[in-house]
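Visitor: One structure, pasted below without further comment.
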Ligand SMILES: CC(C)(COP(=O)(O)OP(=O)(O)OC[C@H]1O[C@@H](n2cnc3c(N)ncnc32)[C@H](O)[C@@H]1OP(=O)(O)O)[C@@H](O)C(=O)NCCC(=O)NCCS
């Protein structure tokens, strides 16, 4: 599919070590391979919807459906930017940026995973920083929220490193069992801005497609 057909495909964020861009259909096999290589200890899912806990043979089609559904459901009211994360030329995970009723709430949330082989090297912090910078500086977001199972020290460590503050706990149904969940919240003043500058390409087409032109306070 051409980028001109789907403007989100033009979007590209770059950090010192990473390229983030929406996943295309051509990327799906590599996306599946990254997940199948292992994301977490199978005994405990870090995801509220335990999408990895299916037979290996079912995962490819499930992930493809997820990519297509997310793309098809990108509307003015519910926007998900599903960034694949490339490191040294390899697709190693994903970093979603989600906005619900953005025109009113100016709030984004995030979700992410990395293949285990690249975890614990600061990549999670770098990719979350990238999408939060994009949200605050280009989309005009005022708040970024996150949540993680209370035992998920890696995800909580990313949030802490980017500058989020704890914002209470809640109890959720987590793959069919009760789970204490830590909520987190970040505003632009608390964001730990990195020494590097985020590279952004393709934003104008995205802003126009998502109806953001009037909402973004660029240079104001
Ligand atoms: C969550 C995830 C994306 C974080 O990415 P990462 O690259 O592993 O994290 P980082 O290396 O940037 O580490 C961030 C911080 O957490 C700490 N941390 C990382 N892994 C940790 C662990 N297993 N236990 C304790 N602390 C940990 C790091 O020391 C770092 O803290 P610091 O900045 O104070 O040194 C990644 O671990 C992952 O994909 N996990 C499985 C899926 C998942 O949990 N997704 C999130 C669901 S909410």
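Visitor: For 204, 25, 56, what ranking results if the residue with the fewest other Cβ atoms within 10 Å of its Cβ goes first?
Guide: 56, 25, 204
Visitor: Any idea how far apart residue 27 and residue 64 come out in nm if each label point goes 7 Å out from Cα toward Cβ?
Guide: So the two model labels end up 1.8 nm from each other.
Visitor: Same structure, new question: Could you list the residues of the stretch 121-137 with an amide nitrogen less than 17 Å from a label point located 7 Å from the Cα of residue 154 in the Cα-to-C-beta direction?
Guide: 121-129
Visitor: Answer rounded, prolate or oblate for the stretch 95-173, using the Cα gyration tensor with square roots of eigenvalues a ≥ b ≥ c: rounded when a/c is under 1.5, else prolate when a/b is larger than b/c, else oblate.
Guide: Here the stretch 95-173 falls in the oblate category.
Visitor: Give me the Debye-computed log₁₀ of I(q)/I(0) at q = 0.13, 0.18, 0.19, 0.27 Å⁻¹ for the stretch 127-204, equal point scatterers on Cα only, no solvent, two decimals.
Guide: Scattering profile of the stretch 127-204, log10 relative to I(0): -0.45, -0.76, -0.81, -1.25.
Visitor: Let me ask something else about it. Quick one: order 146, 177, 159 by neighbouring beta-carbon count within 10 Å, fewest to most.
Guide: Final ranking by Cβ density, sparse to dense: 177, 146, 159.
Visitor: Anyone know which of 50, 22, 166 comes out most mobile in the 10 Å Cα GNM of the chain?
Guide: 50
Visitor: Counting each DSSP H run of 4 or more residues in the chain as -39500 (n - 2.57), what helix-only mean residue ellipticity at 222 nm follows after dividing by all residues, to the nearest 500 deg cm²/dmol?
Guide: The helix contribution divided over the chain gives -7500 deg cm²/dmol.
Visitor: On to the next question. Need one number: the % of Cα-Cα pairs in the chain sitting beyond the 25 Å mark.
Guide: 38 percent
Visitor: What number, in percent, do you get for the relative contact order of the stretch 79-220 if the mean sequence gap of Cα pairs under 8 Å and at least 6 apart is divided by its residue count?
Guide: RCO, the stretch 79-220: 20 percent.
Visitor: Just for the Cα atoms in the stretch 109-151, what are the lengths along the principal axes, largest first, rounded to whole Å?
Guide: 34, 21, 12
No lab work stands behind these numbers, since they all come straight from the coordinates. These numbers come from a predicted model, not from an experiment. As a convention, Cβ positions derive from the backbone with ideal geometry for all residues, glycine included, and neighbour counts pool all protein chains shown.
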